[in-house]
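The values are calculated or read from the model by the stated rules, or taken from the named source; none is laboratory data. Computed from a predicted model, the values in this text were never measured in an experiment. For neighbour counting, all protein chains shown are included, and Cβ atoms are generated from backbone atoms with ideal geometry for every residue, glycine included. Surface areas here come from the heavy atoms of the whole protein model, side chains and all, with no ligands, DNA or RNA. Shrake-Rupley method; radii C 1.70, N 1.55, O 1.52, S 1.80 Å.
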Amino acid sequence: MFYLSGARLLPDEQVRIASTKIHGIGPKKAIQLCYRLGISGNIKINELTKYQIHQISKMISQDHVVHWELKRGERADIERLISISCYRGIRHKDRLPLRGQRTHTNARTARKQIRK
């Protein structure tokens with residue numbers, strides 16, 4: 001078991017499945033990553049050489065926005081919405097649903113925080 005971009009990759013998983021555990025890489029990007037490196041997506045993580053693991057981490061850091069950078073970007077977008085006081089920003093600030101969901105009977109976890 002080893003860590004790559006903040007995600008724990010299990011040794012008995014296939015490369016294309018294990019790489020989807022990294023925040024910001026889905027199934028399609030995982031297949032593209034294996035194809036660009038010339039690695040079969042069906043081999044297990046523990047069958048990779050250190051050079052191949054290094055290539056994967058290098059490719060991810062160069063071409064993809066993953067883990068902390070992605071989360072930082074999402075948080076910056078939310079902060080921008082809050083700072084300009086648009087409807088979505090106000091709903092974020094109040095921790096309520098943003099996209100028109102019903103709050104009279106649903107969204108109990110969001111409303112529970114407001115009552116306290």
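Overview of results
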read-out	value
From LEU4, LEU70, LEU9, LEU81, residue being under 30 Å from THR103 (Cα atoms) and at pLDDT below 90	LEU70
Hits in the range 83-98 (condition: open to solvent by less than 50 Å² (accessible area, probe 1.4 Å) and part of a helix (DSSP H, G or I))	GLY89, ARG91
Within the range 53-78, considering residues that are touching a Leu at 6+ places or on another chain (Cβ under 8 Å) and closer than 16 Å to LEU9 by Cα, the one surrounded by the most Cβ atoms within 10 Å (Cβ to Cβ)	ILE56
Pairs with Cβ under 9 Å, 6+ apart, first in the range 41-68 and touching a residue at least 60 places away in the same chain (Cβ under 8 Å), second small (Gly, Ala, Ser) and open to solvent by less than 40 Å² (accessible area, probe 1.4 Å)	VAL66/ALA7; VAL66/GLY24; HIS67/ALA7; HIS67/GLY24
When residues of the range 1-47 are limited to those that are polar (S, T, N, Q) and over 17 Å from LYS58 (Cβ atoms), the one surrounded by the fewest Cβ atoms within 10 Å (Cβ to Cβ)	ASN42
The range 70-88 residues that are over 22 Å from ILE60 (Cβ atoms), paired with ones that are among the small types (Gly, Ala, Ser) and surrounded by 12 or more Cβ atoms within 10 Å (Cβ to Cβ) (beta carbon under 8 Å, 6 or more apart)	ILE78/GLY89; ARG80/GLY89; LEU81/GLY89; ILE82/GLY89; SER83/GLY89
Filter result for the condition that a residue is farther than 30 Å from HIS92 by Cβ and not in a loop (DSSP other than H, G, I, E, B), over LEU70, LEU33	LEU33
